[in-house]
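Let me begin by presenting the structure, written as structure tokens, before commenting on it.
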Amino acid sequence: MPCDSIDRHSLSTCDLGRVVSDTLAFKLDLISQAPDCLRFRLLMRNTTRVKILAPRPAIYGLHFGNLTTGKPAAWSVKPLESARWVGYFFESGDVKQTEYLVRPTSIAPEAVDEKSEYARCSVDLIPGSYLVWIKMQVDQDYFCSDSNYRYPDLVWLALQEQAVVWTGQTMSNRFNIAYP
């Protein structure tokens, strides 16, 4: 049975078709920094020759390695019960941009903003120097805890747009920041 003639819940019994493991290039920049918020911009480039579908990298894919202790800063994440899945279709050579507003755990979120990513996710930053980067992996075990999307859902979306699912692991550039 061809993949385009089945429903999304039957995809696990089907040849999932093509996947792309070529590089999805990331470039991460710090846009602004204050004690209550660090703002990052991620540029993602499709370096393949085909149209791909890739998820928006999760905010907790940002890594903060403390240069003094050698330990990573821990994330605290409150998942939503239900949210829309966020991802991007990239034509060959396309660049997509996403921004992250990162809240240190020591800063309480405003109650009116409880469903935003800024309110739900925080990272345990103590004053010091950090090495920062973002990393993302997509494979057949992919799961988005906010939308409950799994890998077969990505395949289904890609088929609808005549695209292929990007799979693999990619990491951005690394750079140092000082958190006050």
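Considering Tyr100, Tyr149, Tyr130, the condition of being over 25 Å from Lys27 (Cα atoms) and in contact with a Phe, Trp or Tyr (Cβ under 6 Å, 6 or more places away or on another chain) is satisfied by Tyr149 alone. I'd like to check something: does the stretch 160-168 contain any residue that is hydroxyl-bearing (Ser, Thr, Tyr) and assigned to a loop (DSSP other than H, G, I, E, B)? For the stretch 160-168, residues hydroxyl-bearing (Ser, Thr, Tyr) and assigned to a loop (DSSP other than H, G, I, E, B): present. Scanning the stretch 75-105 for residues that are open to solvent by 60 Å² or more (accessible area, probe 1.4 Å) and more than 30 Å from Ala158 (Cβ to Cβ) gives a single hit, Thr105. Within the stretch 48-65, residues that are more than 16 Å from Thr167 (Cα to Cα) have Cβ atoms under 7 Å from residues that are part of a helix (DSSP H, G or I) in these pairs: Ile59/Glu117, counting only partners at least 6 apart in sequence or on another chain.
Do we find a residue being more than 21 Å from Pro180 (Cβ to Cβ), of a type outside the set (S, T, N, Q) and assigned to a loop (DSSP other than H, G, I, E, B) anywhere in the stretch 41-48? Give the steps one after another, and end with the answer.
Filtering the stretch 41-48 down to residues more than 21 Å from Pro180 (Cβ to Cβ) leaves 42-48.
Those left that are additionally of a type outside the set (S, T, N, Q): 42-45.
Narrowing the set further to residues that are assigned to a loop (DSSP other than H, G, I, E, B) leaves none.
No: zero hits.
Scanning the stretch 48-69 for residues that are of a type outside the set (A, V, I, L, M, F, W, C) and closer than 28 Å to Ala25 by Cβ gives Thr48, Arg49, Lys51, Pro55, Arg56, Pro57, Tyr60, Gly61, His63, Gly65, Asn66. Condition first: open to solvent by 70 Å² or more (accessible area, probe 1.4 Å) and either assigned to a loop (DSSP other than H, G, I, E, B) or farther than 22 Å from Asn173 by Cα (or both). Can you find one or more residues in the stretch 53-67 that meet it? The answer is yes, given that some residue of the stretch 53-67 is open to solvent by 70 Å² or more (accessible area, probe 1.4 Å) and either assigned to a loop (DSSP other than H, G, I, E, B) or farther than 22 Å from Asn173 by Cα (or both).
If the condition is being part of a loop (DSSP other than H, G, I, E, B), closer than 28 Å to Gln33 by Cβ and touching a residue at least 40 places away in the same chain (Cβ under 8 Å), then the stretch 106-143 contributes Ile107, Asp124, Leu125, Ile126, Pro127. Listed residues Ala108, Ala158; which is open to solvent by 50 Å² or more (accessible area, probe 1.4 Å) and either among the hydrophobic types (A, V, I, L, M, F, W, C) or out of contact with any Phe, Trp or Tyr (no Cβ under 6 Å at 6 or more places or on another chain) (or both)? Within the list Ala108, Ala158, the selection yields Ala108. Can you spot a residue in the stretch 164-180 that is crowded, with 19+ Cβ neighbours inside 10 Å, of a type in the set (Gly, Ala, Ser) and farther than 23 Å from Val77 by Cα? There is no residue in the stretch 164-180 that is crowded, with 19+ Cβ neighbours inside 10 Å, of a type in the set (Gly, Ala, Ser) and farther than 23 Å from Val77 by Cα.
The values are calculated or read from the model by the stated rules, or taken from the named source; none is laboratory data. This is a predicted model, so every value here is computed, not measured. A quick note on method: Cβ atoms are made from the backbone with ideal geometry, for glycine too, and the neighbour counts reach across all protein chains shown. Side chains included, ligands, DNA and RNA excluded: accessible areas come from the protein's heavy atoms. Shrake-Rupley method; radii C 1.70, N 1.55, O 1.52, S 1.80 Å.
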